[in-house]
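Trainee: Take this structure, written in structure tokens, and hold onto it; I'll ask about it next.
The values are calculated or read from the model by the stated rules, or taken from the named source; none is laboratory data. Source: prediction; values computed, not measured. Quick reminder, even Gly has a Cβ in these numbers, built from the backbone with ideal geometry, and neighbours come from all protein chains shown.
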Amino acid sequence: KAGVTQTPRYLIKTRGQQVTLSCSPISGHRSVSWYQQTPGQGLQFLFEYFSETQRNKGNFPGRFSGRQFSNSRSEMNVSTLELGDSALYLCASSLDRVFSGDANYGYTFGSGTRLTVV
Amino acid sequence: KQEVTQIPAALSVPEGENLVLNCSFTDSAIYNLQWFRQDPGKGLTSLLLIQSSQREQTSGRLNASLDKSSGRSTLYIAASQPGDSATYLCAVMKGWKGESEKLVFGKGTKLTVNP
């Protein structure tokens, strides 16, 4: 079965611009989470969406936002880009815990979108 | 605040050696712990998932243990191969049903297996 698909794979943007990243979860997965990975900070949680609702949010400024559509696909948007936003952005999907059962409740990650801000 | 630490940050071993990667976390109230592998420039591949009620999980040459009371997990790799070279990340999930859930990651151990 298809995995988690993130598009695009690479992006180069200029400071001040905005960017939208897309994530298609595994079929049947309703939870989508976003993470930012940088060499200095490692992997940090951005937010999680479940059934089109933001269920959890990390400690990032309001320039970072997201949404989820009825087909569970998710997008994240970063406005007014800064040089420090350069990172690998990873999306992860999972089944709802109630349906997956505790033994199978884990995350599957996509290959990421590499964003470079110049 | 949950903090996850992985030691060592980097490890270089000859092919065929058995090795152990360590992960420690500060808050023992976790739901589960997951080990991932990340190849350069790529996403994360899940290796093993251990529920908080379990002590260990095995998959092929990999064995992961969990001691929740001491806040520790180890990933054991038997008979290492050059193809095992990657960064290994440990992540804990906090929160219980009905609460917010997220993964808290360590910084990873970069493993190099030399032929």
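Trainee: Select from segment A:37-58 the residues that are over 16 Å from A:Val78 (Cα atoms), touching a strand residue (DSSP E or B) at 6+ places or on another chain (Cβ under 6 Å) and not in a strand (DSSP E or B) and list them in ascending order.
Mentor: The one that is over 16 Å from A:Val78 (Cα atoms), touching a strand residue (DSSP E or B) at 6+ places or on another chain (Cβ under 6 Å) and not in a strand (DSSP E or B): A:Glu52.
Trainee: Which residues, counting only those in segment A:74-103, are surrounded by 13 or more Cβ atoms within 10 Å (Cβ to Cβ), assigned to a loop (DSSP other than H, G, I, E, B) and modelled with pLDDT of 95 or more?
Mentor: Result: A:Ser79, A:Leu81, A:Ser86.
Trainee: A further question follows. If we keep just the residues of segment B:9-48 that are under 30 Å from A:Thr113 (Cβ atoms) and β-branched (Val, Ile, Thr), which is farthest from the chain's Cα centre (by Cα)?
Mentor: By that ranking, first place goes to B:Ile30.
Trainee: Right, something else. Can you pull out every residue in segment B:1-41 that is buried (at least 16 other Cβ atoms within 10 Å of the Cβ) and basic (Lys, Arg)?
Mentor: Correct list: B:Arg37 only.
Trainee: Taking the residues in segment A:10-54 that are facing chain B (nearest Cβ under 10 Å) and of a type in the set (S, T, N, Q) as candidates, determine which candidate is nearest to the chain's Cα centre (by Cα).
Mentor: So the residue we want is A:Ser33.
Trainee: Another question, then. Could you please let me know if A:Ser72 is small (Gly, Ala, Ser), at negative phi and touching a strand residue (DSSP E or B) at 6+ places or on another chain (Cβ under 7 Å)?
Mentor: Numbers: small (Gly, Ala, Ser): yes; at negative phi: no; touching a strand residue (DSSP E or B) at 6+ places or on another chain (Cβ under 7 Å): yes.
In short, no.
Trainee: Going by what's in this entry, would B:Ser69 be described as at negative phi, more than 9 Å from every other protein chain (Cβ to nearest Cβ) and surrounded by 15 or more Cβ atoms within 10 Å (Cβ to Cβ)?
Mentor: Considered against the rule, which asks whether it is at negative phi, more than 9 Å from every other protein chain (Cβ to nearest Cβ) and surrounded by 15 or more Cβ atoms within 10 Å (Cβ to Cβ), B:Ser69 comes out as no.
Trainee: Would you confirm, using the coordinates I've provided, whether A:Ser111 is under 20 Å from B:Gly41 (Cα atoms) and outside any strand (DSSP E or B)?
Mentor: Criteria met by A:Ser111.
Trainee: Having 1 or more residues that are free of Cβ contacts under 8 Å to residues at least 40 places away in the same chain is the bar; report the strands (runs of 3 or more DSSP E) wholly within segment B:1-99 that clear it.
Mentor: Here the list reads B:44-51, B:56-59, B:62-67.
Trainee: Could you list, ordered by first residue, the pairs with Cβ atoms under 9 Å in which the first is in segment A:8-35 and on the phi > 0 side of the Ramachandran plot and the second is hydrophobic (A, V, I, L, M, F, W, C), at least 6 apart or interchain?
Mentor: So the pair list comes out as A:Gly16/A:Leu81; A:Gly28/A:Leu95; A:Gly28/A:Phe99.
Trainee: Tally the residues that are basic (Lys, Arg) and under 18 Å from B:Ile77 (Cβ atoms), restricting the search to segment B:1-38.
Mentor: The qualifying residues number 1.
Trainee: Can you tell which of A:Gln36, A:Gln17, A:Gln44 is touching an Asp or Glu at 6+ places or on another chain (Cβ under 9 Å) and among the polar types (S, T, N, Q)?
Mentor: Numbers: A:Gln17 fails: touching an Asp or Glu at 6+ places or on another chain (Cβ under 9 Å); A:Gln44 fails: touching an Asp or Glu at 6+ places or on another chain (Cβ under 9 Å).
A:Gln36 is the lone residue from the list that is touching an Asp or Glu at 6+ places or on another chain (Cβ under 9 Å) and among the polar types (S, T, N, Q).
Trainee: Just need a number here: residues in segment A:57-66 that are loosely packed, with under 15 Cβ neighbours inside 10 Å and away from chain B (no Cβ under 14 Å).
Mentor: 3
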